[in-house]
Every structure is written in structure tokens, then in C-alpha cells.
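Visitor: I have a structure I would like to understand better, so I am pasting it below and will then ask my questions one at a time.
Derivation of every value follows stated rules applied to the coordinates shown; laboratory data play no part. A quick note: this is a predicted structure, and the numbers were derived from the prediction, not measured. With ideal geometry, Cβ positions are generated from the backbone for all residues, glycine too; neighbour counts draw on all protein chains shown.
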Amino acid sequence: MANIKKQLQVTKLVDILKQNQHFSLLKFDKTSHIKMELLRKALKKSGSKLKVIKNTFFQKAINKLAQDKKLSQYKEVHKHVLNLKENSALLTFGKDWSEGMNAFFNFSKEEKSVSFRLGCLDNVTYDADKMMSIAQLPSKTVLLSNVIGSMKSPVSHFINAIKFNTQKLVYILNAKAKN
């Protein structure tokens with residue numbers, strides 16, 4: 001009979017994955033506890049959470065979720081997690097997953113022993129390379145501010161163009177008045 005504590009851990013992991021559709025599985029090697037706590041603090045600001053997990057528990061949780069017909073996105077994740085080795089951590093994102101991805105990317109630039117293994121965003125599974133390229137993208141708020149700025153830009157250019165000709169006329173008239 002399986003250990004009840006282990007079954008509870010797998011059940012908790014299943015609940016976490018059901019509640020958080022946007023998640024990433026991380027690989028870490030020789031990272032100190034202090035560095036991991038710094039990462040947790042940076043992720044907490046964006047509404048993300050980091051949990052160190054055992055590979056076998058994660059595999060069993062994904063197996064349970066892949067069997068559910070309503071949760072079809074986990075079938076693709078199941079293919080990627082068959083032979084997990086090395087230390088793993090589960091990164092769950094808040095409402096805006098791009099902020100959590102940016103926070104992790106900034107941390108991974110400094111700490112080379114931490115990297116993506118795979119991720120599931122908007123019910124699509126991505127490998128480590130795609131997750132790294134997604135993490136480099138700006139967040140939604142930055143993109144929205146760029147769009148608003150570009151919408152405001154033509155109006156301000158138009159106003160400056162109208163002012164330019166009148167200002168030039170004033171300068172010419174002042175120069176003629178002085179002569």
C-alpha cells in the first residue's frame with residue numbers, strides 16, 4: 001500500500017495544477033536557499049508562486065490530470081514529463097502570467113543554474129526554448145502603454161506641425177522688424 005503522506009502530496013499537487021492553468025516546470029541545480037528566497041520574493045510581487053517538488057509526484061499528478069477528458073492540455077504535458085531527472089520546481093502564475101515570466105527571466109539572467117523545463121500557458125504546452133523567448137517579451141501593461149503612446153503620437157505631431165509654420169512666420173516678422 002502506498003504511503004498516505006505521498007498520496008496527499010500528489011493530491012495537493014493535482015489541486016494546485018487544477019487551480020492554476022498557467023504554470024511552468026523549472027529545473028534548478030546548485031542554487032542556494034538565499035537565492036531561491038530572493039526569487040520567491042520577486043515572484044510574489046507579480047502574484048506568482050514557486051514550489052519545489054519531487055519529479056515522481058509531478059508525474060503522477062500529470063497522469064491523473066491527463067486522464068480527465070475535460071483537461072486535454074495535460075496530455076501534451078504528460079509526453080514531456082516521462083523521464084524527469086534533476087531537481088524541479090513548479091512555478092504557478094497569477095492573473096497576468098507575463099509579469100511572472102519577466103520576473104523569472106530577470107532572475108535567470110543572474111543565476112544560470114535555474115532554467116525552464118516546460119510550461120503551459122493558455123492551454124498550450126511550450127518547451128524550454130519557447131518559454132525563454134516568451135519570457136523576454138514585454139508585459140501586457142507595457143504593450144498597452146506603447147499602443148496608447150503611439151495613438152497619442154500622431155495628434156501631438158499634428159499639433160507641432162501646425163505650430164511650426166506660425167512660429168516660423170513670427171520669427172521672420174521679428175527679424176524684419178529689427179532690420
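Visitor: Based on C-alpha coordinates, I'd like the Rg and Dmax of the chain, in Å.
Guide: Reported Rg and Dmax, both Å: 25.5, 105.
Visitor: For a label point 7 Å from the Cα of Asn83 along Cα→C-beta, name the residues of region 111-134 whose backbone N is under 18 Å from it.
Guide: Only 117-118, 128 fall inside the zone, counting backbone N under 18 Å.
Visitor: Oh, and also: Number of Lys pairs in region 125-179 with C-alpha atoms less than 23 angstrom apart, excluding same-chain neighbours closer than eight positions?
Guide: Close lysine pairs under the 23 Å cut-off: 7.
Visitor: How high is the FRET efficiency from Glu76 to Ile162, r the C-beta distance, R0 45 Å, rounded to 0.05?
Guide: That pair, Glu76 with Ile162, gives E of 0.20.
Visitor: If each of Val147 and Gln67 carries a label point 7 Å out from its Cα toward its Cβ, how far apart are those two points in nm?
Guide: Taking the simple label geometry, Val147 and Gln67 are separated by 4.3 nm.
Visitor: Let me ask something else about it. How do Thr92, Thr141 line up, fewest other C-beta atoms within 10 Å first?
Guide: Ranking Thr92, Thr141 by Cβ neighbours within 10 Å, fewest first, gives Thr141, Thr92.
Visitor: Let me ask something else. How do Asp129, Asp96 rank when sorted from fewest to most other Cβ atoms within 10 Å of their own Cβ?
Guide: Asp129, Asp96
Visitor: For region 95-132, list residues with backbone N below 18 Å from a point placed 7 Å from the Cα of Gln21 toward its Cβ?
Guide: 95-101, 119-126
Visitor: Let me ask something else about it. Under a Cβ-only charge scheme (Lys and Arg +1, Asp and Glu -1), can you give me the dipole magnitude of the chain about the Cα centre, in debye to the nearest 20?
Guide: It works out to roughly 300 debye.
Visitor: Want the number for Glu37 to Ser115: 0.36 nm per residue separation, take away the alpha-carbon distance, what's left?
Guide: 26.5 nm
Visitor: What is the distance in Å between the Cα centres of region 52-104 and region 112-141?
Guide: Between the Cα centres of region 52-104 and region 112-141 lies a distance of 13 Å.
Visitor: Here is the link list: Lys30/Lys85; Lys51/Lys109; Lys64/Lys95; Lys41/Lys95; Lys54/Lys95. Which ones come out longer than 23 Å on Cα distance?
Guide: Values: Lys30/Lys85 14 Å; Lys51/Lys109 20 Å; Lys64/Lys95 25 Å; Lys41/Lys95 17 Å; Lys54/Lys95 26 Å.
Too far apart for the 23 Å limit: Lys64/Lys95; Lys54/Lys95.
Visitor: Just name one of Gly47, Leu71, Thr125: the one whose Cα is farthest towards the positive end of the charge dipole of region 4-137 (beta-carbon charges, Lys/Arg +1, Asp/Glu -1).
Guide: Leu71
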